[in-house]
Amino acid sequence: MKKIFIIIAVTVIAGAGCKKSELDITNPNQATTQQFWLSAADAQQGLNAVYSTYHRGALSRWMHFLTIVRADEAFSTSPAPWIRNYFDLFNYENYNDGLISSLWGDCYIGINRCNQVLDNVPTISMDETLKQQMLGEAKFMRGLFCYTLGQHYGNVPILLNASKPTDYPATSSQEQVYAVAAKDFSDAANVLPPSYDANNKGKATKGAAYAMLGKVYMQQHKYDEAKTAFQWLVEGPGAALYSLVPNYQDNFIENSNAENNAESVFEFQNAANPIDAFDNDAGDGNPNNTPDKLNYGTSIPPFFAPRPIGFTDGQAQRWVVWEFLKENQTNGQRDPRIAATFLYDSTDVKGPDFTMVYGQSWTSRNYSNDANDPIGVATNRTVYLRKFLDDATMNGEVFHSGNNYRYIRYADVLLLYAEALNATGQTAQAYPFVDRVRQRAGIATLSVAMPGLNKDQFLAQLKHERITELSAEGHRWEDLSRWGDLSPALASRDAAFKNFIVGKHEFLPIPLFDLDINPNLKQNPNY
């Protein structure tokens with residue numbers, strides 16, 4: 001029931017005043033839970049709303065700044081100082097600023113949508129197998145939102161039912177938040193199918209649930225549990241479903257054959273999906289799209305694209321390129337992942353005259369001219385993040401790119417599984433899974449190049465493997481956090497980390513607007 005508040009003016013001898021009178025009436029145009037959650041179609045619509053949450057601005061745009069630019073693999077050259085402050089320099093002037101608070105809000109919107117499904121779908125009369133699948137999808141997505149909150153805000157309230165105005169949930173520890181996410185992923189893995197037909201691509205699968213379960217355990221250093229979760233995908237029933245695609249770049253371009261490929265464990269569906277009930281209005285990179293399509297897709301490409309195509313609000317550190325150059329392919333050629341990951345003066349190994357940037361050469365675009373650099377960044381650091389760009393399919397960018405975000409790739413799972421094996425004293429058994437990733441890149445297997453590494457040496461090598469395989473995909477911050485590497489020492493390759501305060505900047509500040517209305521919330525340490 002919707003409450004309508006009417007302000008009534010009252011004239012008194014002392015002058016004019018006002019008082020608030022509450023008129024409690026039913027809005028006949030507003031749907032209620034009694035009217036909506038009645039059929040399988042209602043359940044599907046409710047679940048669609050859950051998936052559509054990742055088209056919101058924070059999840060489709062700002063989260064990539066928080067996971068990539070905030071880490072040591074990238075930095076900001078934005079002419080907007082607030083973007084540099086919040087995403088690069090650890091200077092959080094306003095805890096309510098949407099750049100850092102909107103991820104909080106969008107995750108809780110997603111959680112509330114999941115909770116509505118979980119609260120209401122169990123009572124709907126429908127096919128029981130489909131019902132359990134839908135509940136599993138909702139649990140997977142709730143786990144994903146909880147994991148994101150735990151990773152970036154740490155200590156946050158846990159909501160396991162649809163929100164009510166009287167709710168004032170208390171702060172829970174990161175460990176408790178991760179525990180909720182782990183249970184959701186575990187429950188989801190028990191009921192989700194291993195795969196779907198072509199009309200339902202992009203929905204959460206059993207493999208996606210096990211992969212996320214493993215990720216949660218990895219962040220808590222629960223390596224035995226992580227190993228068991230990943231095992232389903234790597235050496236168990238899921239191993240037949242996943243493989244590394246031959247062309248590495250196929251993981252980062254908008255193409256019906258490249259998206260939702262055999263390497264994709266879970267990806268955000270930004271491209272149009274064939275069934276309207278799931279995501280038919282998504283952007284497809286066409287700048288002439290009708291207005292109804294502009295709210296879908298991702299807007300990250302213009303923010304990472306080089307000027308004048310985009311704003312260059314985030315770009316790569318040059319040290320990351322050097323990391324790739326430490327090893328060549330077995331035939332002596334350069335690691336091909338460089339060209340798929342970066343746009344810089346030598347994306348084409350022949351140099352700037354041959355390196356093409358949206359249809360023109362690097363040289364002709366005059367990127368070597370310091371006048372194009374509004375904040376004085378040295379030109380030898382000019383490296384653009386390519387994996388989210390659309391330069392492979394068009395000579396410009398749009399704010400509703402249909403390029404899917406491959407959030408979990410099988411290569412990520414293989415490397416995490418190797419890390420879990422190594423952490424549990426099975427270093428020798430971990431080699432083959434790193435070898436698979438290196439072989440796809442044409443590099444000598446680790447078994448041949450570096451046999452006999454001990455536990456610490458193997459972890460050090462894994463840090464190299466993850467930056468070369470997964471650079472600029474949104475995993476670097478969680479990697480640094482898991483390894484305990486977040487510290488001012490990173491300033492040697494990212495000057496912004498001179499501002500990093502241990503015991504504070506591992507987490508974002510809790511938005512003040514929630515602290516003001518909920519007395520049970522606590523601000524994160526040292527804010």
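The values are calculated or read from the model by the stated rules, or taken from the named source; none is laboratory data. None of these values were measured; they are calculated from a predicted model. Cβ atoms come from the backbone with ideal geometry, glycine included; neighbour counts cover every protein chain shown.
Restricting to segment 425-483, give me the number of residues that are touching a Ser or Thr at 6+ places or on another chain (Cβ under 7 Å), in contact (Cβ under 8 Å) with a residue 60 or more places away in the chain and in a helix (DSSP H, G or I).
2
Could you tell me whether segment 211-224 includes any residue that is farther than 24 Å from LEU486 by Cα, out of contact with any strand residue (DSSP E or B) (no Cβ under 9 Å at 6 or more places or on another chain) and free of Cβ contacts under 8 Å to residues at least 60 places away in the same chain?
no
Under 7 Å by Cβ, and 6 or more places apart or on different chains, what pairs join a residue from segment 146-164 that is among the hydrophobic types (A, V, I, L, M, F, W, C) with one that is part of a loop (DSSP other than H, G, I, E, B) and at pLDDT 95 or above?
Listed by first residue and then by second, the contacts come to ILE158/PRO169; LEU159/PRO169.
Inspect segment 412-430 for any residue being at pLDDT below 95, surrounded by fewer than 21 Cβ atoms within 10 Å (Cβ to Cβ) and more than 30 Å from ASN270 (Cα to Cα) and give the result as yes or no.
No, every residue in segment 412-430 fails to be at pLDDT below 95, surrounded by fewer than 21 Cβ atoms within 10 Å (Cβ to Cβ) and more than 30 Å from ASN270 (Cα to Cα).
Of everything in segment 78-114, what is in contact with a Phe, Trp or Tyr (Cβ under 7 Å, 6 or more places away or on another chain), surrounded by fewer than 17 Cβ atoms within 10 Å (Cβ to Cβ) and charged (D, E, K, R)? Give them in sequence order.
Within segment 78-114, ASP97 is the sole residue that qualifies.
Failed condition for GLY214, given (1) of a type outside the set (Phe, Trp, Tyr); (2) in a helix (DSSP H, G or I); (3) under 19 Å from LEU47 (Cα atoms), with all others met?
So GLY214 meets the others, but not (3).
From the list VAL180, VAL121, VAL117, which one is among the aliphatic types (A, V, I, L, M), within 30 Å of PRO525 (Cα to Cα) and crowded, with 18+ Cβ neighbours inside 10 Å?
VAL180
Among the residues of segment 471-483, is there at least one that is surrounded by 20 or more Cβ atoms within 10 Å (Cβ to Cβ) and among the hydroxyl-bearing types (Ser, Thr, Tyr)?
yes
Any residue that is under 25 Å from LEU459 (Cα atoms) and exposed (fewer than 15 other Cβ atoms within 10 Å of the Cβ) - is there at least one of those in segment 207-216?
No, the conditions are met nowhere in segment 207-216.
Could you list, in sequence order, the residues of segment 190-206 that are among the small types (Gly, Ala, Ser) and either surrounded by fewer than 24 Cβ atoms within 10 Å (Cβ to Cβ) or more than 21 Å from PRO237 (Cβ to Cβ) (or both)?
Start the filter on segment 190-206 by keeping residues that are among the small types (Gly, Ala, Ser), which leaves 195, 198, 202, 204.
Matches in segment 190-206: SER195, ALA198, GLY202.
Condition check: surrounded by fewer than 17 Cβ atoms within 10 Å (Cβ to Cβ), more than 21 Å from GLN116 (Cα to Cα), of a type outside the set (A, V, I, L, M) and modelled with pLDDT of 95 or more. Does GLN151 satisfy that?
So GLN151 does not fit the description; no.
If I ask for residues that are surrounded by 14 or more Cβ atoms within 10 Å (Cβ to Cβ) and either at pLDDT below 95 or hydroxyl-bearing (Ser, Thr, Tyr) (or both), which ones from segment 231-252 would you list?
Those that are surrounded by 14 or more Cβ atoms within 10 Å (Cβ to Cβ) and either at pLDDT below 95 or hydroxyl-bearing (Ser, Thr, Tyr) (or both): TYR242, TYR248.
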